[in-house]
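Visitor: Sharing a structure with you now.
The numbers here are math on the coordinates, done by the rules we state, and not lab data. Note that the structure is predicted; figures quoted are calculated from it, not measured. Cβ atoms come from the backbone with ideal geometry, glycine included; neighbour counts cover every protein chain shown.
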Amino acid sequence: MEMLGGRTASEFLRDYWQKKPMVIRQAFPGFTCPIDADELAGLACEEAVESRLVIEEENGKPWQLHNGPFSPERFSQLPEQDWTLLVQGLDHWVPEIADLLEHFRFIPNWRLDDIMASYAPKGGSVGPHYDQYDVFLLQAQGRRRWTFGGHCDHRSPRVEGTPLRILSSWDGEETVTLEPGDMLYLPPGIGHHGVAQEDCITLSVGFRTPSLDDILTGFTDFLCARSDVSEHLSDPDLQVQDNPGTINPAVISQLDTLIRERIGDKRQLALWFGQYSTAPKSPEIVAPPEEPLTEEDFRELVEEAAPLRWNEGSRFAYYKFEDETALFVDGEQYLLRGDARPLAPLLCKASRIDLSSLQPFLDDPAVAGLLTHLFNLGSLYFE
């Protein structure tokens with residue numbers, strides 16, 4: 001794959017993924033950024049868009065953070081250099097940015113976080129730091145100098161007086177300057193510091209995993225919502241103890257059995273994780289269309305070969321059980337059986353749906369109803 005410097009996806013995952021950084025020259029040859037600085041600033045003024053300004057020094061304080069939305073006048077008040085505008089979830093708002101994700105489909109859909117844009121004039125930076133996720137830093141416009149290397153964690157010293165987690169004593173191991181089309185891959189925990197050499201835009205394609213806290217609290221909340229949890233422990237064989245303060249080992253064994261029975265259900269775990277991992281990051285963008293379609297309308301549009309794609313803010317994934325396939329779309333589950341099961345991998349393979357492969361499924365009224373339902377929810381749309 002040209003995007004991986006001539007390496008196959010398997011070679012990249014084996015040798016670099018979550019192991020070590022990788023600089024890829026001209027991963028996207030001749031790349032032209034689909035969005036400019038003025039358009040990013042316009043998005044940062046929108047209520048629904050998550051945006052931030054990082055100023056290296058403000059009123060004598062280091063690395064100050066401001067959260068959007070911003071007024072248009074705010075940008076005329078900024079210094080000439082040494083600041084950065086960050087726009088999160090750019091792929092949710094710009095289809096051409098979302099299309100970049102098709103190059104990263106060798107990584108599971110559920111791992112995707114979003115694409116963030118970073119605009120900075122000369123000297124602009126967000127400071128030396130580390131992240132808890134995998135990221136591909138694609139230089140989209142201008143040049144940025146990156147210093148990176150060395151593992152960091154919560155024990156690494158940080159700069160005081162800033163809400164940001166800026167590393168205070170870190171030098172890095174390697175320095176490169178990225179031109180448009182170049183890309184840098186960084187695993188979690190690797191320190192890095194990017195400084196704009198001129199007006200530039202960097203696109204950060206991030207891939208995240210849930211924390212242990214997310215998993216434990218999310219799954220147990222899911223179980224509590226789906227089963228009878230009002231049942232109390234019982235002890236009809238209670239015996240007199242030598243000391244009433246003792247917690248009998250039999251009680252702990254009973255609790256252990258009860259918890260293992262509940263959390264050991266892999267089917268429930270798969271259903272929870274599918275819903276959890278596909279919950280849209282920006283729910284407001286997955287909105288119903290102004291004019292809902294009937295099943296007949298939907299069939300006609302597919303027959304006319306109208307291009308069908310995911311909503312840019314939608315997430316699709318599936319899980320195969322022995323007797324059925326669970327399709328997960330935007331935090332909801334749909335169980336497919338029999339001849340309908342191959343629909344799930346077809347819908348999840350790419351953001352643009354292969355219409356020639358989809359059309360035979362429309363002969364099944366239940367499947368046609370499901371697809372129409374997904375359209376009317378806003379998870380799918382015709383371009």
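Visitor: Could you run the Debye sum over the Cα atoms of segment 166-229, one equal point scatterer each and no solvent, and tell me log10 of I(q)/I(0) at q = 0.13 Å⁻¹, two decimals?
Guide: Ignoring solvent entirely, the Cα scatterers give -0.61.
Visitor: Follow-up question, since we're still on this one. In nm, what is the difference between 0.36 nm times the number of residues separating residue 260 and residue 173 and their Cα-Cα distance? Walk me through the intermediate numbers first.
Guide: Values: separation 87, 0.36 × 87 = 31.32 nm, distance 4.59 nm.
Gain in length upon complete extension: 26.7 nm.
Visitor: Please express the Cα-Cα pair-distance distribution P(r) of segment 35-136 as a list of whole percents, one per 5 Å bin, running from 0 to the bin with the greatest distance.
Guide: Going out from 0 Å in 5 Å bins, segment 35-136 shows 2, 11, 21, 23, 17, 14, 7, 3, 1, 0 percent.
Visitor: Something else now. From the P(r) of segment 283-382, can you give the percent of Cα pairs sitting at distances over 20 Å?
Guide: Pairs farther apart than 20 Å: 31 percent.
Visitor: On to the next question. Helix by helix, which DSSP H runs in the chain go 30 Å or more along their axis at the Cα atoms and have an average Kyte-Doolittle hydropathy of 1.0 or more?
Guide: The qualifying helices: there are none.
Visitor: If I model a spin label as a point 7 Å beyond the Cα along the Cα-Cβ vector, how far apart are those points for residue 303 and residue 237 in nm?
Guide: Result: 6.8 nm between the two label points.
Visitor: Tell me, in nm to one decimal, what length is gained between residue 10 and residue 36 on full extension, where the rule is 0.36 nm per residue of separation less the Cα-Cα distance?
Guide: The residue 10-residue 36 span can extend by a further 6.0 nm.
Visitor: Test of understanding: ordering 129, 232 by Cβ neighbours within 10 Å, fewest first, what list do you get? Write out the running numbers ahead of the final one.
Guide: Details: 129 20, 232 4.
Fewest-to-most ranking of 129, 232: 232, 129.
Visitor: Here's a follow-up. How high is the FRET efficiency between residue 357 and residue 19 when r is their beta carbon distance and R₀ equals 25 Å, given to the nearest 0.05?
Guide: Calculated value: 0.10.
Visitor: Report the convex hull volume per residue for segment 2-207, counting only C-alpha atoms, in Å³.
Guide: Dividing the Cα hull volume of segment 2-207 by its residue count gives 117 Å³.
Visitor: If I stretch the segment between residue 160 and residue 322 completely, what's the gain in nm (0.36 nm per residue apart, minus their alpha carbon distance), one decimal?
Guide: My answer for the length gained is 52.9 nm.
Visitor: Sticking with this one: With only alpha-carbon atoms in the gyration tensor, what are the semi-axes of the equivalent ellipsoid for segment 123-242, in Å, largest first?
Guide: 47, 19, 12
Visitor: Tell me, what HN-Hα J-couplings in whole Hz come from the Karplus equation 6.51 cos²θ - 1.76 cosθ + 1.60 at θ = phi - 60° for each residue of segment 337-349, using x for Gly and Pro?
Guide: In residue order, the calculated couplings are 10, x, 5, 7, 4, x, 4, 4, x, 5, 5, 8, 5 Hz.
Visitor: Sticking with this structure for a sec: From zero outward in steps of 5 Å, how is the percent of C-alpha pairs of segment 248-297 spread across the bins?
Guide: Histogram of Cα-Cα distances, whole percents per bin: 4, 14, 11, 11, 11, 12, 10, 8, 6, 5, 4, 3, 1, 0.
Visitor: Under the Kirkwood approximation applied to all pairs of distinct alpha-carbon atoms, what is the hydrodynamic radius of the chain in Å?
Guide: Its Kirkwood hydrodynamic radius stands at 23.8 Å.
Visitor: In the structure shown, do any of 20/61; 281/349; 20/266 have a Cα-Cα gap over 31 Å, and if so which?
Guide: 20/61; 20/266
Visitor: Once phi is turned into ³J(HN,Hα) by the Karplus curve 6.51 cos²θ - 1.76 cosθ + 1.60 with θ = phi - 60°, what whole-Hz value does each residue of segment 86-99 show in order, with x for glycine and proline?
Guide: The phi angles translate into 10, 10, 7, x, 4, 5, 6, 10, 10, x, 5, 6, 4, 5 Hz.
Visitor: Something else: Counting just the Cα atoms, what span does segment 122-177 cover along each of its three principal axes? Round to the nearest Å and put the largest first.
Guide: Ordered largest first, segment 122-177 gives principal extents of 33, 22, 20 Å.
Visitor: So, in nm, how far is label residue 287 from label residue 58 when the simple model puts each one 7 Å beyond its Cα toward the Cβ?
Guide: 2.9 nm
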